[in-house]
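Below is one structure, written out as structure tokens; comments come after it.
No value in this document is a laboratory result; all are computed from the given coordinates. None of these values were measured; they are calculated from a predicted model. Counting neighbours? That spans all protein chains shown, and the Cβs are built from the backbone with ideal geometry, glycine included.
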Amino acid sequence: MKAADVRAKTLDELNDDLAALKKEQFNLRFQKATGQIERTARVKEVRRDIARIKTIAAEKSAGKKA
């Protein structure tokens, strides 16, 4: 997910995406623990996407308050 794509979304859409990514992260952790994970790099991608969404959501909410 690119930062430009994330910036184009509303806060509600960002929260929905964040919830979906956290679910995926949870499932990936279980797959890793049981040895069923196929794309190990996906764990890193999801973690970075979560951080990217949180950062941009914080910027947007701070921009509304200012």
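Quick check on my filter: what residues within region 13-58 are touching a Leu at 6+ places or on another chain (Cβ under 9 Å), free of Cβ contacts under 8 Å to residues at least 12 places away in the same chain and among the small types (G, A, S)?
Within region 13-58, none qualify.
Got a number for residues in region 10-57 being in contact with a helix residue (DSSP H, G or I) (Cβ under 7 Å, 6 or more places away or on another chain) and either part of a loop (DSSP other than H, G, I, E, B) or among the polar types (S, T, N, Q) (or both)?
Selection size over region 10-57: 2.
Are any residues in region 27-65 of a type in the set (A, V, I, L, M, F, W, C) and exposed (fewer than 10 other Cβ atoms within 10 Å of the Cβ), and if so, which ones? Even if it seems obvious, please write down each step before you answer.
Going residue by residue through region 27-65, those that are of a type in the set (A, V, I, L, M, F, W, C) are 28, 30, 33, 37, 41, 43, 46, 50-51, 53, 56-58, 62.
Of everything in region 27-65, those that are of a type in the set (A, V, I, L, M, F, W, C) and exposed (fewer than 10 other Cβ atoms within 10 Å of the Cβ) turn out to be A33, A41, A62.
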